[in-house]
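Structure first, then comments.
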Amino acid sequence: MDRPSGAAFLLTQLGTHAARRFGERVAAVDLTPPQAGLLRAVAREPGRSQQALAAQLGTPATRLVALVDALEGRGVLERRRNPDDRRLYAVHLTAAGEDLVRDLGRLAAEHEDALLASLDADERRTLADLLGRVAAAEGLTAGVHPGYRDLPS
């Protein structure tokens with residue numbers, strides 16, 4: 001039987017492979033991919049509420065609280081009272097969290113280099129542009145893995 005080679009199949013095949021390999025890389029710094037994504041989201045916009053983060057990531061609020069709890073217990077995130085609304089907590093990186101985000105950036109760059117080693121710089125830019133257009137047309141949130149929607153609460 002011939003191996004399916006349509007673009008949709010190849011995207012699924014490579015996406016699953018890439019997600020597994022990324023999971024292996026972030027495990028080296030004792031993180032799960034959802035924790036890594038949460039750290040990246042907080043680094044991009046520190047001080048957002050847990051509710052805002054849950055909405056952006058498309059994950060149940062109860063699941064996000066569990067992720068924040070685990071990372072706060074590890075000392076890489078902290079909750080602070082929101083000065084504008086004392087009922088809400090603002091989520092921030094600690095100094096250790098900032099170091100960990102730098103490590104994640106290095107791991108992500110290594111991951112991309114390994115995954116795309118067969119492409120030159122121009123081909124990588126073209127691929128990223130084409131995939132970005134497809135993702136936008138599908139209504140995907142930039143920088144957010146859709147797997148957050150499937151996390152148990």
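Please work out if E72 is modelled with pLDDT of 90 or more, among the acidic types (D, E), in contact with a Lys or Arg (Cβ under 7 Å, 6 or more places away or on another chain) and under 26 Å from L107 (Cβ atoms).
Judged against the criteria, E72 is a match.
Take the stretch 110-135 and flag every residue that is open to solvent by 70 Å² or more (accessible area, probe 1.4 Å) and small (G, A, S).
A117, S118
Give G97, G139, G75 a once-over and let me know the one that is out of contact with any Asp or Glu (no Cβ under 9 Å at 6 or more places or on another chain) and either in a helix (DSSP H, G or I) or surrounded by 12 or more Cβ atoms within 10 Å (Cβ to Cβ) (or both).
Sole residue among the options that is out of contact with any Asp or Glu (no Cβ under 9 Å at 6 or more places or on another chain) and either in a helix (DSSP H, G or I) or surrounded by 12 or more Cβ atoms within 10 Å (Cβ to Cβ) (or both): G75.
For L67, indicate whether it is within 20 Å of L31 (Cα to Cα), buried (at least 16 other Cβ atoms within 10 Å of the Cβ) and out of contact with any Leu (no Cβ under 6 Å at 6 or more places or on another chain).
no
What's the number of the only condition in (1) closer than 18 Å to P146 by Cα; (2) of a type in the set (A, V, I, L, M, F, W, C); (3) touching a residue at least 24 places away in the same chain (Cβ under 8 Å) that A8 fails to meet?
The number of the failed condition is (3).
Give just the number: which of (1) of a type in the set (K, R); (2) more than 15 Å from the chain's Cα centre (by Cα); (3) part of a helix (DSSP H, G or I) does R20 not satisfy?
Result: R20 passes all but (2).
Quick check on the stretch 83-93. Is at least one of its residues in a helix (DSSP H, G or I) and among the small types (G, A, S)?
Residues of the stretch 83-93 that are in a helix (DSSP H, G or I), as a first pass: none.
Checked against the condition, which is being in a helix (DSSP H, G or I) and among the small types (G, A, S), the stretch 83-93 yields no hits at all.
What are the residue pairs meeting all of these: first residue in the stretch 93-110, first residue touching a residue at least 60 places away in the same chain (Cβ under 8 Å) and under 12 Å from R40 (Cβ atoms), second residue open to solvent by less than 30 Å² (accessible area, probe 1.4 Å) and of a type in the set (G, A, S), Cβ atoms under 6 Å, and 6 or more apart or on different chains?
These pairs meet every condition: L104/A36.
Consider L57 against the criteria (1) surrounded by fewer than 15 Cβ atoms within 10 Å (Cβ to Cβ); (2) in contact with a Phe, Trp or Tyr (Cβ under 6 Å, 6 or more places away or on another chain): it satisfies all of them except one. Which criterion is unmet?
Every condition holds for L57 apart from (1).
Looking only at the stretch 8-26, how many residues end up being more than 13 Å from L115 (Cα to Cα) and open to solvent by less than 70 Å² (accessible area, probe 1.4 Å)?
3
So which residues in the stretch 27-42 are open to solvent by less than 40 Å² (accessible area, probe 1.4 Å) and aliphatic (A, V, I, L, M)?
Of everything in the stretch 27-42, those that are open to solvent by less than 40 Å² (accessible area, probe 1.4 Å) and aliphatic (A, V, I, L, M) turn out to be V29, L31, A36, L38, L39, A41, V42.
The values are calculated or read from the model by the stated rules, or taken from the named source; none is laboratory data. Every value quoted in this text rests on a predicted model; they were computed, and no experiment measured them. Cβ sites come from the backbone with ideal geometry, for glycine too, and all protein chains shown count toward neighbours. SASA here: full protein model, heavy atoms, side chains in, ligands and nucleic acids out. Shrake-Rupley method; radii C 1.70, N 1.55, O 1.52, S 1.80 Å.
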